[in-house]
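The values are calculated or read from the model by the stated rules, or taken from the named source; none is laboratory data. Computed from a predicted model, the values in this text were never measured in an experiment. Cβ coordinates were reconstructed from backbone atoms using ideal geometry, including for glycine residues, and neighbour counts include every protein chain displayed. Please note that ligands, DNA and RNA were not included when accessible areas were found on the heavy atoms of the full protein model with its side chains. Shrake-Rupley method; radii C 1.70, N 1.55, O 1.52, S 1.80 Å.
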Amino acid sequence: MTQDEMKKAAGWAALKYVEKGSIVGVGTGSTVNHFIDALGSIKDDIKGAVSSSIASTEKLKGLGIEVFDCNDVMSLDIYVDGADEINAQREMIKGGGAALTREKIVAAIAEKFVCIVDDTKAVDVLGTFPLPVEVIPMARSYVARELVKLGGDPVYRQGVVTDNGNVILDVHGLHITHAKDLEAKINGIAGVVTNGLFAISGADVVITGTPAGAKIEE
Ligand code: 5RP
């Protein structure tokens, strides 16, 4: 089975958590794109979606799924999204697609985070995947210096502007053993919008695409 087939298996398995008549929180990325295709197959059974990126919004609308403004929705049953890394504590690194801030906002509104990944994303210790940090452009150099003090090696993601008009620093060289503490510490640096650690609030359900099919852990 290819990696994309494993992503597809995870994306389609997440349909199990979609309630009839609900508004669904939708993440961003190639795994989520399979989930959006799956949602399209039941679009008449759901009310619509709240999206975490312009890319996902376009795909949802293209399939005829109504996309609601986050400000008009009080709560969501579920938020379905991928991850770049996930550990046994269900802490994640996200933001490979630069959508981390909107992802964290939609995840915060949802009761349950359903993480969909292929089996290459499971790690013992977070940090091999560089940690994305969304930064206000004028603070880029200052934030980079602060990240070095935390033991990281920040690299400016050239040519990328987030949906919120900000830039991304990818922090290499981290061996993240206290993810919640690091998440809070980085978010405390002036000029940081948010960072890609989803540890203070991690995944509630993990669906892993494997060569044998989707494995669900609740
Ligand atoms: C985007 C994300 C994605 O969930 C993450 O990058 C995983 O992407 P993919 O499903 O394409 O492997 O956080 O900001």
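Relative contact order, whole percent, for the range 1-136 stands at 27, derived from Cα pairs under 8 Å and 6 or more residues apart.
Relative contact order, whole percent, for the range 131-195 stands at 47, derived from Cα pairs under 8 Å and 6 or more residues apart. Surface exposure of the chain, expressed per residue as accessible area with a 1.4 Å probe, stands at 46 Å². Against the main long axis of the alpha-carbon atoms of the chain, helix 140-149 sits at an angle near 80°.
Taking the 1.4 Å solvent-accessible surface of the range 3-152 as the whole, the part contributed by carbon and sulfur is 50%. Entry note, the range 1-40: relative contact order of 54 percent, from Cα contacts under 8 Å with a spacing of 6+ residues. Dipole magnitude for the range 131-195: about 160 debye, using +1 per Lys or Arg Cβ and -1 per Asp or Glu Cβ, origin at the Cα centre. Our Cα-only numbers for the range 131-195 put the radius of gyration and Dmax at 10.9, 31 Å. In this structure, the amide hydrogen of Lys47, modeled 1.01 Å from its nitrogen in the peptide plane, lies closer than 5 angstrom to those of Gly21, Ser22, Ile23, counting only residues at least 5 positions away or on a different chain.
When only the Cβ of Lys, Arg, Asp and Glu is charged (+1, +1, -1, -1), the dipole of the chain relative to its Cα centre reaches about 340 debye.
In plain terms, the C-alpha convex hull of the range 1-151 casts an average shadow of 10.1 nm² when viewed from every direction. Using the Karplus relation 6.51 cos²θ - 1.76 cosθ + 1.60 with θ = phi - 60°, the per-residue 3J(HN,Hα) values for the range 158-168 come to 4, x, 9, 10, 6, 4, 9, x, 10, 10, 10 Hz, with x marking Gly and Pro. Any idea what angle helix 3-13 forms with the longest principal axis of the chain, computed on alpha-carbon atoms, 0 to 90 degrees, nearest 10? Roughly 60 degrees between the two axes. Compared with the dominant Cα axis of the chain, that is its longest principal axis, helix 100-109 is turned about 50°.
In this structure, the amide hydrogen of Lys112, modeled 1.01 Å from its nitrogen in the peptide plane, lies closer than 5 angstrom to those of Ile78, Tyr79, counting only residues at least 5 positions away or on a different chain.
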